[in-house]
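Scroll down for the structure; my scribbles are underneath it.
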Amino acid sequence: MAKIIDGKAISAEIRAEIKAEVEQRIARGECRPGLAVIIVGEDPASQVYVRNKKKGCEEVGFYSEVYELPAETKQEELNALIDKLNADNKIHGILCQLPLPKHLDENEVILRIDSKKDVDAFHPYNVGKIMIGDYDFLPCTPAGVMALLERSGIEVAGKECVVVGRSNIVGKPQAMLLLHANGTVTVCHSRTKNLAEVCRRADILVAAIGKADFFGADMVKEGAVVIDVGMNRRADGKLTGDVNFAEVEPKASYITPVPGGVGPMTITMLLKNTLTASKK
Ligand code: NDP
């Protein structure tokens, strides 16, 4: 029987710490951290994320602004908004919800956001800083995973870590953070041969591929720590991870559930990055 890593509880604990720090800063006459969130178009999933980010800001006492732009917004209009927010002293973090409508250039947006306000850590400058291990902003989901491990008392140093998935927002930065924590890291992807065999080597397995219930008991070593980043919708609308929880849980030593594992940590790490930005 695995111990369940309670992402909701750990997230609430970190948010309470952020809130206390904001209150102390305000009492000392320092600025209130401010986050601007931009959403273009009406993607329902993105709208939920944006609402949750606004709620998160309120919970910890941040100032926040939400810009809901129509789907037909032109690149120049979006650029002008980013320029305005880059220059705004009340705003310390800027986030543009991805994906954008097809006619807009995501790379242009990522490059345009001032790297000092890039609380998603997507700007190549911040990506480079993560690579060399000298970072101000942590990529939110991988940082959430590291916080879950740390606060559950799970040592990474010297452990075999297998990350499945190599996206720029999850897999690659996750591998870097585990490496910085002195794990021995293997990164797998859709072209990996003998995936199950590689996964069975893992003391810490991070599943981030976006395929419901893909990781079964045959892919997990007895006593492994299993972190499920996946968020997939079943036909009945229910959220489910990449790991087959019922099969894997009896074999693992620790496991994150979906929902209630990694998911709640991502926005919390975004709030942490915004607090960091406000101190700079
Ligand atoms: P991407 O689609 O960008 O990347 C998926 C990765 O998985 C790719 O590297 C791909 O390999 C790899 N992959 C796909 N199929 C297989 C397979 N059969 N075997 C091995 N590797 C495979 O996804 P993201 O990284 O953005 O997201 C991954 C999951 O995490 C999704 O479910 C997403 O919803 C979730 N997520 C959750 C967050 C949270 O807050 N909890 C935040 C962000 C994402 P290749 O590169 O070869 O194509």
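The values are calculated or read from the model by the stated rules, or taken from the named source; none is laboratory data. From a predicted model like this one, the values you see are computed outputs, not experimental measurements. All Cβ positions, glycine included, derive from the backbone under ideal geometry; neighbour counts span all protein chains shown. Keep in mind that these areas ignore ligands, DNA and RNA; they rest on the heavy atoms of the full protein, side chains included. Shrake-Rupley method; radii C 1.70, N 1.55, O 1.52, S 1.80 Å.
What number of residues within the range 34-89 are over 25 Å from Lys279 (Cβ atoms) and of a type in the set (D, E, K, R)?
Residues flagged as over 25 Å from Lys279 (Cβ atoms) and of a type in the set (D, E, K, R) within the range 34-89 amount to 8.
If only one of Tyr67, Tyr49 is open to solvent by 80 Å² or more (accessible area, probe 1.4 Å), within 22 Å of the chain's Cα centre (by Cα) and aromatic (Phe, Trp, Tyr), which one is it? So that I can check it myself, show each step before the final result.
Numbers: Tyr67 fails: open to solvent by 80 Å² or more (accessible area, probe 1.4 Å).
Being open to solvent by 80 Å² or more (accessible area, probe 1.4 Å), within 22 Å of the chain's Cα centre (by Cα) and aromatic (Phe, Trp, Tyr) holds for just one of Tyr67, Tyr49, which is Tyr49.
Looking at (1) farther than 21 Å from Ala9 by Cα; (2) in contact (Cβ under 8 Å) with a residue 24 or more places away in the chain; (3) within 13 Å of the ligand (Cβ to nearest atom); (4) under 17 Å from the mean Cα position of the chain (by Cα), which one does Lys172 not meet, given that it meets all the others?
Failed condition: (2).
Checking Ala235 against (1) more than 30 Å from Asn86 (Cα to Cα); (2) within 13 Å of the ligand (Cβ to nearest atom): exactly one of these is not met. Which one?
Result: Ala235 fails condition (2) only.
Six or more apart or on different chains, Cβ atoms under 7 Å: show the pairs whose first residue is in the range 256-267 and under 20 Å from Ala224 (Cα atoms) and whose second is more than 8 Å from the ligand (Cβ to nearest atom) and of a type in the set (Phe, Trp, Tyr).
Note: pairs meeting the criteria are Pro257/Phe245.
Do any residues in the range 131-158 that are over 16 Å from Asp228 (Cα atoms) have Cβ atoms under 9 Å from those of residues that are among the charged types (D, E, K, R) and surrounded by fewer than 18 Cβ atoms within 10 Å (Cβ to Cβ), where the two are at least six apart or on different chains, and which pairs are they?
Tyr135/Lys129; Asp136/Lys116; Asp136/Lys129; Asp136/Lys280; Phe137/Lys129; Arg151/Glu13; Val156/Glu150
Would you point out which residue out of Leu205, Leu195 is near the ligand (Cβ under 10 Å from one of its atoms), open to solvent by less than 50 Å² (accessible area, probe 1.4 Å) and within 12 Å of Gly165 (Cβ to Cβ)? Break it down into steps so the answer makes sense when it comes.
Details: Leu205 fails: near the ligand (Cβ under 10 Å from one of its atoms).
From the options Leu205, Leu195, the qualifying one is Leu195.
Residue check, Ala217 against (1) near the ligand (Cβ under 10 Å from one of its atoms); (2) open to solvent by 20 Å² or more (accessible area, probe 1.4 Å); (3) at pLDDT 95 or above, all met but one. Which one?
It is condition (1) that Ala217 fails.
Which residues, taken from the range 156-167, are open to solvent by less than 30 Å² (accessible area, probe 1.4 Å), part of a loop (DSSP other than H, G, I, E, B) and within 16 Å of the ligand (Cβ to nearest atom)?
Narrowing the range 156-167 to residues open to solvent by less than 30 Å² (accessible area, probe 1.4 Å): 156, 161-165.
Next cut, part of a loop (DSSP other than H, G, I, E, B) only: 156, 165.
Correct list: Gly165 only.
Pick out, from the range 94-155, the helices (runs of 4 or more DSSP H) lying fully within it that include 2 or more residues that are under 15 Å from the mean Cα position of the chain (by Cα).
Values: elements: 106-112, 124-132, 140-151.
Answer list for the range 94-155: 124-132, 140-151.
Could you check the range 234-257 and list, in sequence order, the residues that are crowded, with 23+ Cβ neighbours inside 10 Å and closer than 30 Å to Lys19 by Cβ?
If the condition is that a residue be crowded, with 23+ Cβ neighbours inside 10 Å and closer than 30 Å to Lys19 by Cβ, then Gly241, Ile255, Thr256 are the ones that fit.
Residues to consider are Lys54, Lys84; find the one that is of a type in the set (D, E, K, R), within 21 Å of Ser11 (Cα to Cα) and either assigned to a helix (DSSP H, G or I) or open to solvent by less than 30 Å² (accessible area, probe 1.4 Å) (or both).
It is Lys54.
What pairs come out if I take residues in the range 57-86 that are within 18 Å of Lys117 (Cα to Cα) and pair them with residues that are among the acidic types (Asp, Glu) and open to solvent by less than 40 Å² (accessible area, probe 1.4 Å) whose C-beta lies under 9 Å away, six or more apart or interchain?
Glu65/Asp88; Leu85/Glu65
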